[in-house]
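Let me begin by presenting the structure, written as structure tokens, before commenting on it.
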Amino acid sequence: MAIDLIDTADVETIQIQTPGDIAGIAGRTFTTPWFSVDRDRSDQFEFATYLDSYPHPYEEEEGDGYGADIIEGFHLLGMIDYLLNHVFESDFPCVPWNYGLDRVRFVSVVRLTDRFRITGTISEVVDRGPQGHLVVADLTAQVEGRDKPAFVAVQRALWVTSHSADPASS
């Protein structure tokens, strides 16, 4: 399984009709569909980041580690773009460039058997002129059936609405 596009009762999207509407999304909330990581994708992440090349403390036999089937925290953070692309909808060309993450905290372990989703609030929108808008979102990765989230973070993304604007020049 990957993203659950059937159980969408709680999915909350943000629709933006024109570039001028971006500033008005401050204070809006969103909820992504539920998601779970496939074992093969988790194994590929560990291979690509060389995590498979050394013994993991969460695989210790003494019971001191986190146990098997854990999903790496940075793998979860890497899912932010994919999941948020399911809740931000625009009627015009708009490219959100990653600008950074602040105050990231990994709160609880996520396993391959867990479903999670991201909820959030747009806390700030800064007009960057011809470069677009810097959109700041407070994110919480909820784990199904659990009070503690997987992680919390503040995401910053530069939403570029003109193909002539170069985000690297900011």
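Structure above, values below:
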{"item": "Cα-based equivalent ellipsoid of the chain: semi-axis lengths in Å, sorted from largest, via gyration tensor", "result": "32, 18, 14"}
{"item": "P(r) weight above 17 Å for region 65-130, C-alpha pairs, percent", "result": "55 percent"}
{"item": "Modelled label reach - GLU144, point 7 Å along Cα→Cβ, region 1-29 residues with backbone N closer than 18 Å", "result": "1-12"}
{"item": "Ranked by how many other beta carbons lie within 10 Å on average, peptides 109-121, 32-44 from highest", "result": "109-121, 32-44"}
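Any read-out appearing in this document is the output of simple, stated calculations on the displayed coordinates, not a laboratory observation. Keep in mind that what you see is a predicted model, and the values were worked out from it rather than measured. Every residue, glycine as well, gets a Cβ built from its backbone with ideal geometry; the counts of neighbours run over all protein chains shown.
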